[in-house]
1. Test each condition in (1) open to solvent by less than 70 Å² (accessible area, probe 1.4 Å); (2) touching a residue at least 60 places away in the same chain (Cβ under 8 Å); (3) hydroxyl-bearing (Ser, Thr, Tyr) for residue 92 and report the one that comes out false.
2. Filter the stretch 76-120 for residues that are within 16 Å of residue 131 (Cβ to Cβ) and in a loop (DSSP other than H, G, I, E, B) and give the result.
3. Working only within the stretch 157-187, note down all residues that are among the hydroxyl-bearing types (Ser, Thr, Tyr) and either touching a residue at least 40 places away in the same chain (Cβ under 8 Å) or surrounded by 17 or more Cβ atoms within 10 Å (Cβ to Cβ) (or both).
4. Tally up the residues in the stretch 193-208 that are away from the ligand (no atom under 16 Å from the Cβ) and at positive phi, please.
5. May I ask you to verify whether residue 305 is in a helix (DSSP H, G or I) and either surrounded by fewer than 20 Cβ atoms within 10 Å (Cβ to Cβ) or among the β-branched types (Val, Ile, Thr) (or both)?
6. Which of the residues spanning the stretch 308-334 are surrounded by 21 or more Cβ atoms within 10 Å (Cβ to Cβ), assigned to a helix (DSSP H, G or I), hydrophobic (A, V, I, L, M, F, W, C) and within 11 Å of the ligand (Cβ to nearest atom)?
7. Would you confirm whether or not the stretch 48-60 contains a residue that is surrounded by fewer than 13 Cβ atoms within 10 Å (Cβ to Cβ) and of a type in the set (Gly, Ala, Ser)?
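The values are calculated or read from the model by the stated rules, or taken from the named source; none is laboratory data. For clarity, every value in this text was computed on a predicted model and none was experimentally measured. Neighbour counts run over all protein chains shown; Cβ positions are idealised from the backbone, glycine included. To get the accessible areas, we keep the full protein, side chains included, count just its heavy atoms, and leave off ligands, DNA and RNA. Shrake-Rupley method; radii C 1.70, N 1.55, O 1.52, S 1.80 Å.
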Amino acid sequence: MNSIPYIPGLDDVPAKKSSVSSLDGEQGILAYRGYRIEELASQSNFEETAWLLLYGELPTKVQLKNFKQAIRTSMKLSADLVKVLKSLPKNTHPMKVLQVAVASAALKPVSVAKYQKDPATTKIIEQQCIAYLGIVGAIVAGWQRVRQGKAVLPPKSNWSFAQNFYYQMFGRASTEAETRMVDSCLVLHAEHTMNASTFATMVCGSTLAELPFVVATGVGTLAGPLHGGANERVIHMLHSIKGVALVRDYIKNKLEKKEVIWGMGHREYKVKDPRAKVLQKLLVEFEESKGRKPPKDFLIALEVEKVCEELLGHKGVFPNVDFYSGILYRELGIPIDQYTPIFAVSRIAGWLAHWREQIVDNRIFRPTQLYQGSSIRNYSSIAQRS
Ligand code: COA
């Protein structure tokens, strides 16, 4: 008999020892390698944060320059990968496209078991990690072009990841404010302790599957509406509420029907997600920089937050990272179905950091179950069954 209690959703069950990030759900604090995300979101950028997550320290100038160059190089999609994108029906959801494309990224087969035991293998795996930091963004941006019948664009030399991602998606240069916004969003979404997609990549990684399988597992898991897919649902929800005055009835009605309010609640946070606070502030600053008034869906979102605080606050349900991000992406001109893929463009950094940490001290994940089915019985042939 197993004496360990059954804990649905593995709530509070530690799955791993890790030094990548830390979270205080009561205080609303999130830090990557000890650095608070508020500071990283305002001062760091995607490449620097990815380095920090992967290697544990902030990079030197030279390290960052070389790292940026390596990521930039991998933002040029291979002809084979462009062929894969072009072969898919144009109405395929970008998350499905991403999963197919990351799995088919033509990376050299390599034995994960030899990581850290054979320098040549280690070098290849490290190169693959860096390649994925660029490839995921290039696929998401590339698919935007392909489905519009436009040419896939190569990255511009000397441009940052955020600049190139924007350029490869829209075919034009981003303004300084837009680049800052993209970078801040990427930094904020890069890592989040033992979330569902990271855990899924670790389960896959624990079998010593190669990196393409691991990344594809992360993408598939992130797609779900209870995880990364929520950002898309939030904007649809906000658009279905036709005015601020209608918010209260909308929320009450949803709760009466036992439906979730998208972008609200989190397993770890019992207060407002610190990333939601930063995103909300960024949105206000961005609109101010453009000399625009807050958009209508932002006003509706503020009211949703207020009503939810009243009706759900006692359960510790407050806005999470997905609540304000969609409005921000919309203001950047990004199509709704690309919101979750952009999450993956950034979260790849966290997946890789955990994967690297795990495979040097690996044990295959193999939990048990509480069997509730039939006891052992005899098989009856089809003729005997009525
Ligand atoms: N809307 C309405 N009620 C919610 C809610 C939401 N978004 N999130 C949690 N609750 C309620 C639950 O119904 C439950 O109420 P009960 O105790 O009366 O049964 C209580 O709060 C605790 O929630 P629980 O479902 O146990 O939380 P969880 O840790 O299992 O789930 C989420 C966490 C994120 C899956 C959940 O909050 C959710 O579905 N949120 C909406 C989807 C979303 O935005 N996901 C993105 C996460 S970053």
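1. Residue 92 satisfies all of (1) open to solvent by less than 70 Å² (accessible area, probe 1.4 Å); (2) touching a residue at least 60 places away in the same chain (Cβ under 8 Å); (3) hydroxyl-bearing (Ser, Thr, Tyr) except (2).
2. 76, 77, 78, 105, 106, 107, 108, 109, 110, 115
3. 157, 160, 166, 167, 174, 179, 184
4. Summing the residues that are away from the ligand (no atom under 16 Å from the Cβ) and at positive phi in the stretch 193-208 gives 1.
5. Details: in a helix (DSSP H, G or I): yes; either surrounded by fewer than 20 Cβ atoms within 10 Å (Cβ to Cβ) or among the β-branched types (Val, Ile, Thr) (or both): no.
For residue 305, the condition - in a helix (DSSP H, G or I) and either surrounded by fewer than 20 Cβ atoms within 10 Å (Cβ to Cβ) or among the β-branched types (Val, Ile, Thr) (or both) - is not met.
6. Listed by number, the residues that qualify are 308, 323.
7. Looking through the stretch 48-60, none of the residues is surrounded by fewer than 13 Cβ atoms within 10 Å (Cβ to Cβ) and of a type in the set (Gly, Ala, Ser).
Here's the yes/no breakdown for (1) under 17 Å from the mean Cα position of the chain (by Cα); (2) within 21 Å of residue 79 (Cα to Cα); (3) of a type in the set (D, E, K, R):
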| position | (1), (2), (3) |
| --- | --- |
| 151 | no, yes, no |
| 154 | no, yes, no |
| 163 | no, no, no |
| 168 | no, yes, no |
| 172 | no, no, yes |
| 177 | no, no, no |
| 194 | yes, no, no |
| 207 | no, no, no |
